[in-house]
Ligand SMILES: NC(=O)c1ccc[n+]([C@@H]2O[C@H](COP(=O)([O-])OP(=O)(O)OC[C@H]3O[C@@H](n4cnc5c(N)ncnc54)[C@H](O)[C@@H]3O)[C@@H](O)[C@H]2O)c1
């Protein structure tokens, strides 16, 4: 299959590209190379047969149309987005532009291409979204595909809007689509502004390890390569016009994640004092959702997919990867905003 992947130079997109190429697909990677992109993530496939990179902005309608006409993909996997909640609090406009207008622009280009191609039934527009569109949970319960949307941050509101656009283009114009809403990802190549890399890198640098509030927020953590596998499964086996929630079956509080990472570093890169001594509570994020949890019943029963990696295994692999790939993350620490406290408001 020839797949157009948007945002393929980012964290999850690059994992999708690497796996799609390993599985024998052709990939056209469309990415604007924002601050969050890193072409080094694609070194393992850079020279692979069937891999093409196109530097382009999904908000650029003529360019998107030209890319569809040039490459004639069998499917689109749409991951390009502004993705950091803290940045969305300080500067929401870029999130509205890329996540909403960019998705609209891409849908229009895909629709026009699909109509011109005779509306092939096998075509799929796969929109990759987040469980954050469902808002927050209390101590009990899980998000299902029927949970009403109640996004709380500018990021999750922009993703919710994009999900609605994709559904509407399916209902109104018949564009074949699948939609996935996934829990928090972690693993190799995650940009050093997200929780898990921040914890690892601050610990190694001897700096305070910031924990928002009391660290009691719960997330359902999914190893990024399992997410890539789930996405390719949904693309190929998912039913048209259906949503699938993807979770890691690995709920943990932020403070527990941080403590686990400190324990792994004590073992793998020992120093005199335990790394946990560096843990520092900082002002919480405004509107910080307390808990997310995914009910993975649909993807498990209908598509036979389950995560392969437990949180213990995934965190160990992740810490080992950051220890072995210092050149990769050092270069990214120079980028704008990295290492600063963002999204505090006021
Ligand atoms: N990270 C998570 O835990 C998580 C969980 C669920 C869903 N998601 C979704 O998965 C997708 C990928 O997330 P990620 O963490 O890999 O993000 P990321 O920030 O690491 O990567 C985003 C990529 O999109 C590109 N991009 C941004 N704006 C663009 C534009 N206008 N045109 C073309 N390319 C553009 C960037 O250059 C970057 O390479 C996003 O849609 C996000 O909402 C992420």
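Only the coordinates and a few stated rules stand behind these numbers; no lab work does. Note that the structure is a prediction, hence the values are computed from the model and not measured. A quick note on method: Cβ atoms are made from the backbone with ideal geometry, for glycine too, and the neighbour counts reach across all protein chains shown.
Give the calculated FRET efficiency between residue 302 and residue 171 to the nearest 0.05, with a Förster radius of 25 Å applied to their Cβ-Cβ distance.
0.75
Go ahead and run the numbers for FRET between residue 93 and residue 119, Cβ-Cβ distance against an R0 of 30 Å, rounding to 0.05.
With R0 = 30 Å, the Cβ-Cβ based efficiency is 0.25.
What relative contact order, as a whole-number percentage, does region 145-275 give when Cα pairs under 8 Å and 6 or more residues apart are counted?
Normalised by residue count, the contact order of region 145-275 is 30 percent.
What are the semi-axes of the equivalent ellipsoid of region 1-100, taken as the square roots of 5 times the eigenvalues of the Cα gyration tensor, listed largest first and rounded to whole Å?
Ellipsoid half-lengths, sorted descending, are 23, 16, 10 Å.
According to the square roots a ≥ b ≥ c of the eigenvalues of the Cα gyration tensor, what is the shape class of region 68-153, taking rounded for a/c under 1.5, prolate for a/b larger than b/c otherwise, and oblate for the remainder?
Judged from the Cα gyration tensor, region 68-153 comes out oblate (a/c at least 1.5, b/c at or above a/b).
If we count other beta carbons within 10 Å of each Cβ, what is the order of 218, 5, 178, fewest first?
Going from sparsest to densest Cβ surroundings: 218, 178, 5.
Relative to the first principal axis of the alpha-carbon coordinates of the chain, what is the inclination of helix 311-324, with its axis defined by its Cα atoms, in degrees from 0 to 90 and to the nearest 10?
Helix 311-324 and the main axis of the chain meet at about 80 degrees.
For region 227-309, state what percent of all Cα-Cα pairs lands in each successive 10 Å bin, counting from 0 Å until the bin that includes the largest distance.
Per 10 Å bin, starting at zero, the Cα-Cα P(r) for region 227-309 comes out as 14, 30, 25, 22, 8, 1 percent.
What is the Cα coordinate range of region 205-244 on the first, second and third principal axes, sorted by size from largest, in whole angstrom?
Extents along the principal axes, in whole Å: 47, 22, 11.
Of the DSSP beta bridges with both residues in region 170-289, give the percent that are antiparallel, rounding to the nearest 5.
Taking every DSSP beta bridge within region 170-289, about 20 percent pair in antiparallel fashion.
Mind checking the angle between helix 103-116 and the chain's longest principal axis? C-alpha axes, 0 to 90 degrees, to the nearest 10.
30
Taking a ≥ b ≥ c as the square roots of the eigenvalues of the Cα gyration tensor of region 256-346, is the shape rounded (a/c under 1.5), prolate (a/b larger than b/c) or oblate?
Verdict is oblate for region 256-346.
How big is region 61-101 by the Kirkwood estimate over distinct Cα pairs, in Å?
Evaluated on region 61-101, it is 12.0 Å.
Let me know the shape class of the chain, please: from the alpha-carbon gyration tensor, a ≥ b ≥ c as square roots of the eigenvalues, rounded when a/c is under 1.5, otherwise prolate if a/b is greater than b/c, or oblate.
Judged from the Cα gyration tensor, the chain comes out prolate (a/c at least 1.5, a/b above b/c).
Over region 56-161, what is the relative contact order in whole percent, taking alpha-carbon pairs under 8 Å and six or more residues apart?
Relative contact order, region 56-161: 35 percent.
Ranked by Cβ crowding within 10 angstrom, fewest neighbours first, how are 144, 14, 83 ordered?
Lowest count first: 144, 83, 14.
Considering only the chain, what is the antiparallel percent among its DSSP beta bridges, to the nearest 5?
Given both bridge residues lie in the chain, the antiparallel proportion sits at roughly 10 percent.
Sort 2, 70 so that the residue with the fewest other Cβ atoms within 10 Å of its own Cβ comes first and the one with the most comes last.
With the fewest neighbours first, 2, 70 line up as 70, 2.
For residue 273, project a label point 7 Å along Cα to C-beta. Then give me every residue of region 188-207 with its amide nitrogen under 16 Å of that point.
Flagged as within label range: 202-207.
Sticking with the crude label model, points 7 Å out along Cα→Cβ, report the distance from residue 39 to residue 340 in nm, one decimal please.
The answer from the label model is 2.6 nm.
Cα centroid distance between region 21-74 and region 134-181, in Å?
Each part's Cα centre sits 25 Å from the other's.
Under 12 Å from a point placed 7 Å out from the Cα of residue 290 along the Cα-to-Cβ direction: which residues of region 193-226 have their backbone N that close?
Residues 216-218 fall inside that zone.
Using only alpha carbon positions, build the gyration tensor of region 283-331, then give the equivalent ellipsoid semi-axes as the square roots of 5 times its eigenvalues, largest first, whole angstrom.
29, 22, 10
For region 269-346 and region 205-242, what is the separation of their Cα centres, given in Å?
9
Measure nothing but the geometry: give the 0 to 90° angle between the long axis through the Cα atoms of 61-71 and the longest principal axis through the Cα atoms of the chain, rounded to 10°.
80
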